[in-house]
Structure formats: structure tokens, C-alpha cells
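Read through the structure below, which is laid out as C-alpha cells, and then see the notes.
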Amino acid sequence: MLENLKIGIIVKAQGIKGQLKVQPLTDDINRFSKLKETIIDGKTYRVLNAIVGGGMVFLTLSGITDRNTAETFRGKFLYVTRENAVPLEEGRYFIADIIGCDLITDQNQKVGKIIDVTPNRTDVITVQKEDGKIMRFPFLKDLVVNVDIVGQTMTVLAKRLEEVSVDEN
């Protein structure tokens, strides 16, 4: 499991005092209001102020005091340590923990490896199949039987997967 979890991407500098405009990559945008520190490029920054609005977050971080410095952070990801992550509800998972899991069916057939999860109202799982082709399917409760983060597997109903998946290539 990854030690740090990605929570946002810096879109641009905001204003002249070093504020950063961040696109959140989490389900709960309000988690930024309680954020005490974040990691960018392996360095920890203390969060001095966080404003949530319009689907974006505006952060003021220690050590970033002017627009020129803030501009150098454009396109960089924000991380938190697993210990500082927001606790998840039952049946919810961190994307970082799902990527790399083997996808298997309820008939114990390996389909492939999960290579990406696209967050949306219904997350979209991308799998590289055993034959090298790419398959996508929505993360649906009536499709996914089990997610075993420790065992690195996601089990789905084979019949239902055929109905909802899309092959590419």
C-alpha cells in the first residue's frame, strides 16, 4: 500500500501572495477545511489557510509567499500521509489501494489488473486484461462482490461484468 495519498492537483497560482488554486481529487472537498499539512514533491508544507468554493480549494501554505513561487507549483499533486487521511465509510476505498489489484470473477477467473480508477458519480475502473486489451466498467454495488485490499483482489460477478464492461483496442 502507498504511504501517501493523492488529494489534489495545483491548477495555478491565485493572487499575488502565493495562494494556490487546487482541484480536489477526493470525494469530500470539505476535508481541505481541516487539513493541517500537505506534501508536495516529498516536502511537507503547513496549511495556513484553506478556502473551499466553486468546486475548488484555495490554499495558503507555509513558505509560499508570492505569486512567482506559487507558479512553480502548477501541475503538482498534493498528498497526505495515510495517518492524516479522512477515515472511510464502510464499502469505500482509496483509489491508490484499488490500483494494482487483480480483477477476478466470482467463478475464480482472472480478468486482468486494475490500472486506473476515474473518479465520477460512479467511479470507472480501467483494467488491463490478460490479453493486453483495455476494459472499463463502472464500480457498481450489484457488480462488485468483494474488494480485498490486503489480498489485492477485486471480485466481480462474471455475468454482470459482461453486461456493463466496454473493451477497447
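The values are calculated or read from the model by the stated rules, or taken from the named source; none is laboratory data. Because the structure is predicted, anything quoted here is derived from the model rather than measured. Note that each Cβ is placed from the backbone with ideal geometry, even for glycine, and that neighbours are counted across all protein chains shown. Just the protein is used for accessible areas: all its heavy atoms, side chains included, with ligands, DNA and RNA removed. Shrake-Rupley method; radii C 1.70, N 1.55, O 1.52, S 1.80 Å.
For the residues Leu59, Leu20, Leu48, a GNM of the chain with alpha-carbon springs under 10 Å puts the largest fluctuation on Leu48.
Name the trypsin sites (Lys or Arg not before Pro) in segment 2-84 that are in a loop by DSSP and that have at most 11 other C-beta atoms within 10 Å, would you? Each step should come with its number before you reach the end.
On the way: sites: Lys6, Lys12, Lys17, Lys21, Arg31, Lys34, Lys36, Lys43, Arg46, Arg67, Arg74, Lys76, Arg82; in loops: Lys17, Lys36, Arg74, Lys76.
The qualifying sites are Lys36.
For the listed residue pairs Lys6/Lys43; Lys6/Lys133; Lys12/Lys36; Lys110/Lys133, the alpha carbons are over 24 angstrom apart in Lys6/Lys133. Note on the chain: Cα Rg divided by 2.2 N^0.38 Å, N the number of residues, gives 1.20.
Residues considered: Asn120, Asn49, Asn30. Largest GNM mean-square fluctuation over the chain, using C-alpha springs under 10 Å, is found at Asn120.
In loop segments of segment 85-169 as defined by DSSP, the trypsin sites (Lys or Arg not before Pro) with at most 10 further C-beta atoms inside 10 Å of their C-beta are Arg92, Arg121, Lys141. Roughly how far apart, in whole Å, are the Cα centres of segment 102-123 and segment 6-58? One Cα centre to the other: 30 Å.
Rolling a 1.4 angstrom probe over segment 1-72 with all protein chains present gives an accessible area of which 48% lies on carbon and sulfur atoms. Scanning the chain for GluC sites (Glu not before Pro) lying in DSSP loops with no more than 10 further Cβ atoms inside 10 Å, the longest uninterrupted stretch between such sites is 4-88.
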